[in-house]
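K.L.:
Once you've had a glance at the structure underneath, I'll fire off some questions.
The values are calculated or read from the model by the stated rules, or taken from the named source; none is laboratory data. On a predicted model such as this, the values are computed, not experimentally measured, just so you know. Please note: Cβ atoms are built from the backbone with ideal geometry, for glycine as well, and neighbour counts cover all protein chains shown.
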Amino acid sequence: MASVFSASIPQEAPGYSFNHLSSGTREHAFNPYTDNGGSTLGISGADFTIFAGDTRSTSGYNINTRYAPKLFKIGGEGPSNENARIVLSVVGFAADGNALKERLDTVVKMYKYQHGKPMTVAACAQRLSHILYSKRFFPYYVHAILGGLDEDGKGALYSYDPVGSYEREQCRAAGSASSLIMPFLDNQVNFKNQYVPGSGVGHALEQRVPEPLPRKDVEQLVKDAFTSATERQIEVGDGLQMMTITKDGIEEVYSPLKKD
Amino acid sequence: MFRNNYDNDSVTFSPQGRIFQVEYAQEAVKQGSVVVGIVSKTHAVLAALKRNAEELSSYQKKIIEIDTHYGIALAGLASDARVLSNFMKQQSLASRLTYDRPMQLADITARIGDRAQINTQQYGKRPYGVGLLIAGVDATGPHLFEFQPSGVTQEMVACGIGARSQMARTYLERNLEQFEGSNREELIRHALRALKESLSQDKELTVDNTSLGVVGTGDAKERFRLFEGTEIQSWLETTFENQGSTQEGEGMDVDK
Amino acid sequence: MNHFPHGWGRPRDDVYGAYNHAYLQPDGSKQHTQSPIVTGTSVIAVKFKDGVVIAADNLASYGSLARFTDVKRLRRFNSRVVLGFGGDVSDMQHLDRLLSTLSIREDYSSTASESDNAARELNARNLHTYLAKVMYKRRSEFNPLWNAILVVGLDGESQPFLATVDLLGTTFSAPTLATGFGAHLAQPILRRAVPDEAAVAEMTREKAVGVVRECMKVLFYRDARSIDKYSMAVVEKEKEVELVEDEQLEQQSWAFAEGIKGYGTQTV
């Protein structure tokens with residue numbers, strides 16, 4: 001029976017003028033991922049950590065919405081996460097980002113319920129790595145950055161790849177404009193390619209030593225990074241969401257970006 | 001010694017139609033220190049007397065925050081209460097995650113009631129040895145539910161369970177009409193007075209042995225918060241101004 | 001059609017390729033949806049001051065064939081939620097049954113008095129969150145429900161709510177939304193009327209309905225998988241849902257078609 005159907009049926013009807021098929025079978029496999037664009041960054045200072053992300057969400061050339069936050073408070077009280085001290089930013093596939101955010105948030109909330117004290121940023125950072133790695137062979141398609149204040153009150157920032165590799169850093173940009181923003185941060189935060197004037201020539205040149213920047217300067221860097229990224233990356237724009245973690249809690253600010 | 005033939009498990013009725021294991025479990029509730037709960041139109045309040053096993057030990061935990069909108073007070077086996085509270089916490093988080101909706105108090109009470117009932121009908125299981133007061137606010141306003149080891153649950157306006165709680169209930173019954181219209185402070189004072197009624201003559205409510213849980217809704221919206229230690233100092237002072245000279249029956253007079 | 005009867009009614013090999021026997025194998029191995037079969041096209045919606053308007057046409061297509069011309073793709077869930085489905089119709093019907101089950105379970109779980117029921121009912125935000133979880137779970141099992149869904153209605157504070165979820169579990173919310181072709185054709189028109197949340201407060205119900213009708217016309221003109229019969233629903237504060245399932249696209253103008261030359265049998 002099967003052989004009747006597998007034999008190709010002779011056709012005499014007029015065909016199409018163009019070749020409809022490439023040779024062989026056409027497979028439509030379901031692709032469980034998409035890219036929702038956008039960019040995020042985080043910078044840690046002496047006694048604060050700043051996060052920022054644009055609020056545009058895209059599908060291809062379409063803008064889904066002009067306001068879809070990529071920054072989330074983790075482990076606070078109730079649905080609005082009051083009194084939270086940790087921030088997670090996720091960029092990439094937004095559905096995975098949300099699932100990851102909810103998993104981590106639940107973990108941190110249960111930690112507080114069971115231990116009676118909030119989770120430290122370092123513990124939360126390691127837990128996030130484990131969550132990401134637990135889906136090593138069907139990854140959360142996101143670049144995550146996590147931060148807050150460490151046990152000494154210093155700004156702490158951890159960045160991740162989609163399968164859980166992580167390290168503590170001074171600053172990190174992620175998402176579609178990361179290749180535009182990261183070199184800017186390397187230069188302006190870690191003073192890469194900046195040398196002490198008059199320290200010599202060639203290899204004798206002395207690297208300018210990076211030091212934690214004041215908050216006002218960092219806020220200006222963040223705004224400059226995003227206005228510039230908005231100009232050159234079509235997936236970045238609409239709005240800028242900023243969260244600053246200090247010993248007094250988390251301050252959240254929204255400012256507009258170009259909507260074109 | 002007399003031996004009861006019908007109390008070896010919780011699946012066998014006695015000829016009188018009783019399940020002794022369940023009744024014994026209810027006795028365990030009466031061994032626990034007293035807890036009181038009251039609701040008004042805007043608030044739900046829990047008050048609990050904490051005991052310490054010995055001078056050197058810490059006081060046991062009597063009130064547990066489950067979610068931002070509700071908490072429980074327990075009387076009986078604290079370890080059983082912990083199992084139930086873990087379950088309630090997980091269900092409450094799940095409700096927020098799945099529906100972005102805070103757990104309804106009637107629903108969570110029904111769920112622990114169902115769990116407790118299973119323990120009274122399956123061989124090899126033991127009923128929970130703890131009674132709970134579930135107090136909080138949801139979409140339909142403030143609520144107080146009572147939970148018993150038998151799986152019986154009921155909504156209450158005011159309730160007290162635990163050792164000598166009859167005295168507290170008597171106070172609550174006598175002042176029943178005032179609760180609905182009480183404001184936050186009045187309701188807290190009622191709860192503390194009811195709690196005080198259940199204390200033996202030689203005992204006082206102190207900042208060490210008293211716990212309070214308060215939650216509000218509507219215009220008086222506040223999340224469920226546990227107050228202990230120095231935080232409750234002023235309430236104790238204003239409630240029992242003539243502390244020391246308190247006589248039995250003082251709870252009957254109705255000031256403020 | 002040719003003179004080989006056993007080829008009749010089958011997809012033509014020269015157009016669709018040889019039949020793929022990987023599908024529907026007699027060994028009964030479980031097949032997951034790899035592509036939608038009978039599909040609905042765009043769903044569009046826009047918020048206004050006191051509510052939301054949503055619309056979708058009544059066509060279910062089988063590829064390019066206009067297969068079912070009276071399919072209702074808007075579903076009232078309760079007095080404050082309406083859903084609009086694009087994509088696979090059988091998956092839509094599966095979700096419809098799932099939502100009926102949910103609705104019944106909700107009604108029976110209520111131990112509170114009758115008068116509390118309105119406050120207890122699932123609102124649009126609750127339902128959207130739930131559907132997002134269902135869709136994301138199915139995509140994570142590589143067994144997606146091939147739909148793009150708009151959830152419209154009122155949230156817990158009785159404010160207008162409009163959000164979407166698709167087969168990947170992607171969710172977002174905006175003052176105006178459109179799925180499928182509507183994202184290209186209708187969304188620009190809707191955004192011109194309601195660019196942001198501030199504009200929602202200025203939007204009247206009449207104007208919102210007007211712009212949605214305009215969009216349905218544009219979609220019928222330019223989307224080859226559309227039809228001129230459509231459904232429209234309005235969810236508004238303190239009112240019952242108004243769902244009309246037999247709207248007819250009025251005042252069509254095909255005069256421009258006269259001028260189109262160069263296709264078919266006509267001589268240019």
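K.L.:
Suppose we filter C:76, C:67 for residues that are assigned to a strand (DSSP E or B), out of contact with any Gly (no Cβ under 8 Å at 6 or more places or on another chain) and either acidic (Asp, Glu) or in contact (Cβ under 8 Å) with a residue 40 or more places away in the chain (or both); which single one remains?
P.N.:
Among C:76, C:67, only C:76 is assigned to a strand (DSSP E or B), out of contact with any Gly (no Cβ under 8 Å at 6 or more places or on another chain) and either acidic (Asp, Glu) or in contact (Cβ under 8 Å) with a residue 40 or more places away in the chain (or both).
K.L.:
Just the residues that are closer than 16 Å to residue C:74 by Cβ and either in contact with a Gly (Cβ under 6 Å, 6 or more places away or on another chain) or at pLDDT below 95 (or both), please, taken from the stretch C:144-160.
P.N.:
Scanning the stretch C:144-160 gives C:147, C:148, C:150.
K.L.:
Same structure, new question: Give me the pairs, please: first residue somewhere in the stretch B:172-200 and under 21 Å from residue B:225 (Cβ atoms), second residue anywhere and among the aromatic types (Phe, Trp, Tyr) and not in a loop (DSSP other than H, G, I, E, B), beta-carbon distance under 6 Å, and either six or more positions apart or on two chains.
P.N.:
That search, which allows pairs on different chains as well, returns B:188/B:235; B:194/B:171.
K.L.:
Here's a follow-up. Tell me which residues, restricted to the stretch B:78-95, are more than 30 Å from residue C:129 (Cα to Cα) and among the small types (Gly, Ala, Ser).
P.N.:
The answer is B:78, B:79, B:81.
K.L.:
Right, residue A:130: free of Cβ contacts under 8 Å to residues at least 24 places away in the same chain, away from chain B (no Cβ under 11 Å) and not hydroxyl-bearing (Ser, Thr, Tyr) or not? Walk me through how you get there before you give the answer.
P.N.:
On the way: free of Cβ contacts under 8 Å to residues at least 24 places away in the same chain: no; away from chain B (no Cβ under 11 Å): yes; not hydroxyl-bearing (Ser, Thr, Tyr): yes.
Spelling it out, it is not the case that residue A:130 is free of Cβ contacts under 8 Å to residues at least 24 places away in the same chain, away from chain B (no Cβ under 11 Å) and not hydroxyl-bearing (Ser, Thr, Tyr).
K.L.:
Looking at (1) within 14 Å of chain A (Cβ to nearest Cβ); (2) at pLDDT below 95, which is the one condition that is false for residue C:115?
P.N.:
Against the list (1) within 14 Å of chain A (Cβ to nearest Cβ); (2) at pLDDT below 95, residue C:115 comes up short only on (1).
K.L.:
Of all residues in the stretch C:118-161, how many are more than 22 Å from residue B:140 (Cα to Cα) and more than 9 Å from chain B (Cβ to nearest Cβ)?
P.N.:
The number of residues fulfilling the criteria is 21.
K.L.:
Quick check on residue B:53: is it of a type in the set (A, V, I, L, M, F, W, C), under 16 Å from the mean Cα position of the chain (by Cα) and more than 14 Å from chain A (Cβ to nearest Cβ)?
P.N.:
The answer is no for residue B:53.
K.L.:
Would you tally the residues in the stretch A:28-45 being in contact with a Phe, Trp or Tyr (Cβ under 7 Å, 6 or more places away or on another chain) and either facing chain C (nearest Cβ under 9 Å) or assigned to a loop (DSSP other than H, G, I, E, B) (or both)?
P.N.:
Qualifying residue count, the stretch A:28-45: 6.
K.L.:
Could you please let me know if residue B:111 is away from every other protein chain (no Cβ under 12 Å), part of a helix (DSSP H, G or I) and not acidic (Asp, Glu)?
P.N.:
no
K.L.:
What residue, of A:236, A:222, is assigned to a loop (DSSP other than H, G, I, E, B), β-branched (Val, Ile, Thr), at pLDDT 95 or above and under 17 Å from the mean Cα position of the chain (by Cα)?
P.N.:
Result: A:236 is the single residue among A:236, A:222 that is assigned to a loop (DSSP other than H, G, I, E, B), β-branched (Val, Ile, Thr), at pLDDT 95 or above and under 17 Å from the mean Cα position of the chain (by Cα).
K.L.:
Checking residue B:99 against (1) touching a strand residue (DSSP E or B) at 6+ places or on another chain (Cβ under 8 Å); (2) of a type outside the set (Val, Ile, Thr); (3) crowded, with 20+ Cβ neighbours inside 10 Å, which test does it fail?
P.N.:
It is condition (1) that residue B:99 fails.
K.L.:
Which of (1) under 23 Å from residue A:259 (Cα atoms); (2) within 14 Å of chain B (Cβ to nearest Cβ); (3) not aromatic (Phe, Trp, Tyr) is the odd one out, the single condition residue A:115 does not satisfy?
P.N.:
Condition not satisfied by residue A:115: (1).
K.L.:
Which condition breaks for residue B:96 when tested against (1) under 18 Å from the mean Cα position of the chain (by Cα); (2) within 14 Å of chain A (Cβ to nearest Cβ)?
P.N.:
(1)
K.L.:
Of everything in the stretch A:46-82, what is more than 15 Å from the chain's Cα centre (by Cα), aliphatic (A, V, I, L, M) and outside any strand (DSSP E or B)? Give them in sequence order.
P.N.:
Selection gives A:46 alone.
K.L.:
Is there a residue being out of contact with any Lys or Arg (no Cβ under 9 Å at 6 or more places or on another chain), more than 19 Å from residue C:179 (Cα to Cα) and within 14 Å of chain B (Cβ to nearest Cβ) anywhere in the stretch C:85-101?
P.N.:
yes
K.L.:
Pairs please, first residue from the stretch C:168-188 and facing chain A (nearest Cβ under 7 Å), second anywhere and part of a loop (DSSP other than H, G, I, E, B) and not hydroxyl-bearing (Ser, Thr, Tyr), Cβ atoms under 8 Å, 6+ apart in sequence or on different chains.
P.N.:
As it stands, the answer is C:168/A:32; C:168/A:93; C:168/C:144; C:170/A:36; C:170/A:93; C:172/A:68; C:173/A:68; C:174/A:66, since those pairs meet every condition given.
K.L.:
Among residues belonging to the stretch A:149-199 that are over 15 Å from the mean Cα position of the chain (by Cα) and on the phi > 0 side of the Ramachandran plot, point out the one that is surrounded by the most Cβ atoms within 10 Å (Cβ to Cβ).
P.N.:
Filtering the stretch A:149-199 for residues that are over 15 Å from the mean Cα position of the chain (by Cα) and on the phi > 0 side of the Ramachandran plot, the one surrounded by the most Cβ atoms within 10 Å (Cβ to Cβ) comes out as A:191.
K.L.:
Moving to a separate point now. Could you grab me the full set of residues in the stretch A:49-73 that are in contact (Cβ under 8 Å) with a residue 60 or more places away in the chain and surrounded by fewer than 24 Cβ atoms within 10 Å (Cβ to Cβ)?
P.N.:
Correct list: A:55, A:58, A:61, A:63, A:66, A:67, A:69, A:71, A:73.
K.L.:
More than 26 Å from residue B:176 (Cβ to Cβ), touching a Ser or Thr at 6+ places or on another chain (Cβ under 6 Å), surrounded by fewer than 23 Cβ atoms within 10 Å (Cβ to Cβ) and of a type in the set (S, T, N, Q): does that describe residue B:21?
P.N.:
yes
K.L.:
Next question, about the same structure. Identify all residues within the stretch A:112-122 that are among the small types (Gly, Ala, Ser) and within 24 Å of residue B:68 (Cα to Cα); write none if there are none. Don't jump to the end; show me each part of the working.
P.N.:
Going residue by residue through the stretch A:112-122, those that are among the small types (Gly, Ala, Ser) are A:116, A:122.
Hit for the stretch A:112-122 is A:116, nothing else.
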